[in-house]
Structures are given as structure tokens and as C-alpha cells.
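The values are calculated or read from the model by the stated rules, or taken from the named source; none is laboratory data. Treat the numbers as computed from the prediction; the structure is a model and nothing was measured. No Cβ is skipped: glycine too gets one built from the backbone with ideal geometry, and neighbour counts run over all protein chains shown. Note: areas computed on protein heavy atoms with side chains; ligands, DNA, RNA excluded. Shrake-Rupley method; radii C 1.70, N 1.55, O 1.52, S 1.80 Å.
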Amino acid sequence: MSLWFTHPLFLPSLIIGLTIVLWATSLLQEFITALLFFSAAMVFKIAPPEVIFGGFASSAFWLVFSGFVLGVAIRKTGLADRAARALSAKLTDSWPLMVASVVLLSYALAFVMPSNMGRIALLMPIVAAMAKRAGIADGTRAWYGLALAVGFGTFQLSATILPANVPNLVMSGAAEGSYGIHLNYLPYLLLHTPVLGILKGLILIGLICWLFPGAPKPQQDPAPATPMGRDEKRLAWLLAGVLLMWVSESWHGIGPAWTGLAAAVIVMLPRVGFITGEEFSAGVNMRTCIYVAGILGLAITVTQTGIGNAVGEALLRVMPLDPDTPFTSFLALTGITTALNFIMTANGVPALYTTLAQSFSDATGFPLLSVIMIQVAGYSTPLLPYQASPIVVAMGLGKVPAKAGMLLCIALAIVTYLLLLPLDYLWFNWLGKL
């Protein structure tokens, strides 16, 4: 017993496990749990400060922060309402059409914008204004459905587009660094889009319409829209420049987070920007920013302390991986990814899973590249919102309660595992990947 308590991973595992339980059960507000993790991790010195607080140095944190700032400016200048006016005229005739349009827009933007957080920051104020014009009030189940459509459509569906999702990029980098395998855009798109993109998107639309029913009532404008004001034009040009920088990241090498942060600073500059200090305080949700930093810090801590490797090796020993039962092995590999998602979150899973992929390949008889690709279904289907920071951010921006996000997470996961995974296995087989 004493040896168990003195194991070097015992205390880190206890702190991380309790943090995950608190996030999963929502016994405390998410940002308070994040602060508890920071304080406990530092008091008991389970990792260096630069590891524990590594989330604050990540690009995802600064994309969240800049997204809040830009969202305040988009709403204040009237740009969000103008975009919503154009969309609501055609897309609010029925609830299924409205939900489908939001999911499709979230997915379509992933082809041109490389950042989940950037897309959410751009879409949320527009969708909020569109909902208001359709008579959907904040705090209603219908509004929760639209906000979750942005979060789930942005994160889960974009996993089928190689450069549009942080876990995808982590997986790509790990595959190249560990095995010299370079993932290509079109083969990746073909492998994942039919099942995890199109079919999953249709199921997502159906589940939101069922779990979060709504009845949009489009308001007819008594007068045509007024011309764009000076501030609207200036902000529109700024956002166009940000979008151009995001799309052309591969050319100039400046990450989306730093482009977004620069734009956020411009938005807040006196006499140049659009929002005051009071508007910043009221509109920027620092609680969600702290929550995201906590999630990212926990994932980094799991990796640096060796907990992730220990769990991965334990799963390798107990999961039914056998060349004679390929379908069971396919499900088991997805199950390993799902299990790792609980302790590492989606951004951290590919880093560990990919380094173990050769062992999984030897145990299953699957080609190494196929083993690496199988994980996409697992990390793109979180069982709880905290496992995917973009979903958390969308929920924070939309003030969606944790229970609503958990309900959709679990419902979509159940349908994915029961229906889409078998279809994904058949698609892999049809393409000759297994």
C-alpha cells in the first residue's frame, strides 16, 4: 500500500482525476475548477510552472481572448446585425432550415479559415443577431441549440479537413516526426468527409432539432437597410484583413492567434478602435478564457508527467487488438482514443496515440497510416464538452449551461458509435485501407 501512495504518478493522477471529475459533473463552475487545478498543481509541485500554466502561452488561449474582443466590436458597430439581416431573410423560414444553415456555414468556413476559435469568434455574434431577428431569445433551448450548432459544427465536422483543426495538425506533426509520414489534403478529405463530415453533419442537425426545438419568427424589416456607417466599414476592412491573414498562414507563417491578437489590440486602441475599457470588461468573458487555459494546461501536464504514456500502455495491454478480428480491433482503437480523450482532451490525444501507432499496427495487422487515421473518429467525438475547447468556447460565448452541452455530446457520441463507426469501418475497407 505504501508503495502505491509513493508512486511518482500518484499525486499528479489524483489532482488531474479530481479536476476531470469536477468538470464532468459541473459541481463547481468550470473556471473555479481550473483555478483549483492551478493552485493544487503548484502547491504540490506536480510539474514546473511553465507546464502547469502552459495553456496561457498556447495559441488557443489567445484566439479565445481575441475572439471575445472582436465579437464585442462586431456587435457594437452593427456589423453582426447587418450580416444577420442578410442571412435571416432566407434561412429562418423553418427551424430545421435555420439549424442546418448554421451547421453548414460552420463547416464551410473550415475550408477557408484554419482556426476553430477564429471561426467561432466570427460566427457567434452573427448567429446571435440572426436568432434575435428570428424571435429566439437568449437563454431559451432554441438559442442553446444554435450556439451548440456553431460549436459542434465547427469542431466535430472540421476534423475531416486536415489543416482546419488543431488535433489534426498535432496528428500530422506527430506522424511526420515519428514515422516520416506526410499526410496529404485530398486523400485525408476523401477518407473522412463522407462519414464523419456529411453523415455526421446530418445527424447533428437532426439531434439539435429534436433536443432543442425552436420556432423562428422572422421579423419583416419595415425599411431597407441603411448604408454602412464609418465604423462598420473600418471594422469590415479590418476583419477582411484578418481573414486574409488566416487563409494565407502557410505563406507568411504568422499563426491565427497572433493575427487575431493584433486585430484585438487595434480594436481597443483609443481614438482608433471601437470599444472602451468598460465595454471590454463587460463583453470579454475571462471566466471562459481561464477555463480554456485550465484545459490546455491539464493536457500539457498529463503529457509532461508521463501519465499519458502510462495510460496508453495500460490500454494497449487490455484492449482486444487481434488481426483475426479486424472490426473489433477497429472499435478498440477508437475506444483507446475515446479513453485518452478523458485525460488529455482532443488537442493532446493525437500526440500520444500517434507515438503508440506502430505498436497498435503490429497488434492489429492494420497498415500504420490507417491506424493513425482511425483516431480521428475518437478525438472528434467528445463525450463531455471539456474534452474539446472549441465547444467550450462556443458554450461560453452563448452562455449555454453545461447540462445542455453534455446532453448533445452524449447523444451525438451514442449515434456515432452505434451507427457511424460501423459505416466508417466499411468505408475504410472499401477504400482498401484495412
Next item on the list: Specify the residue with the greatest mean-square fluctuation among A282, A357, A34, computed from a Gaussian network of the chain linking alpha-carbon atoms under 10 Å apart.
Entry: A282
Check: Which value, in Å², gives the accessible area per residue of the chain when a 1.4 Å probe is used on the protein heavy atoms?
Finding: 42
Notebook entry, point to check: Got a number for carbon plus sulfur as a percent of the chain's accessible area, 1.4 Å probe?
Noted result: 69
Notebook entry, point to check: Taking all pairs of different Cα atoms in region 317-372, averaging 1/r and flipping that mean, what Kirkwood radius in angstroms comes out?
Noted result: 11.3
Notebook entry, point to check: About its Cα centre, how strong a charge dipole does the chain have in debye, to the nearest 20, once Lys and Arg get +1 and Asp and Glu get -1 at the Cβ?
Noted result: 1160
Check: In region 205-336, with Lys and Arg counted as +1 and Asp and Glu as -1 at Cβ, which of these residues, T288, L238, M228, has the Cα nearest the positive end of the dipole, that is, farthest along it?
Finding: M228
Margin query: Given the C-alpha atoms of region 117-187, compute the convex hull and give its volume per residue in Å³.
Written below: 93
Checklist line | Inter-label distance for I198 and T276, nm, one decimal - labels placed 7 Å from Cα along Cα-to-Cβ | finding: 5.3
Check: For the chain, what are the per-bin percents of Cα-Cα distances with bins 20 Å wide, up to the bin holding the maximum?
Finding: 26, 57, 16, 1
Notebook entry, point to check: Roughly how tilted is helix 95-109, in degrees to the nearest 10 and between 0 and 90, from the longest Cα axis of the chain?
Noted result: 70
Check: Cα convex hull of region 149-189: mean projected area in nm², to one decimal?
Finding: 2.7
Notebook entry, point to check: If you take the C-alpha gyration tensor of region 152-293, multiply each eigenvalue by 5 and take the square root, what semi-axes do you get, largest first, in whole Å?
Noted result: 33, 26, 17
Checklist line | Listed residues T154, I20, F38: farthest to the positive end of the dipole of the chain (Cβ charges) | finding: T154
Check: Put +1 on the Cβ of each Lys and Arg and -1 on the Cβ of each Asp and Glu in the chain; which of V272, I52, P213 then has its Cα farthest toward the positive end of the dipole?
Finding: V272
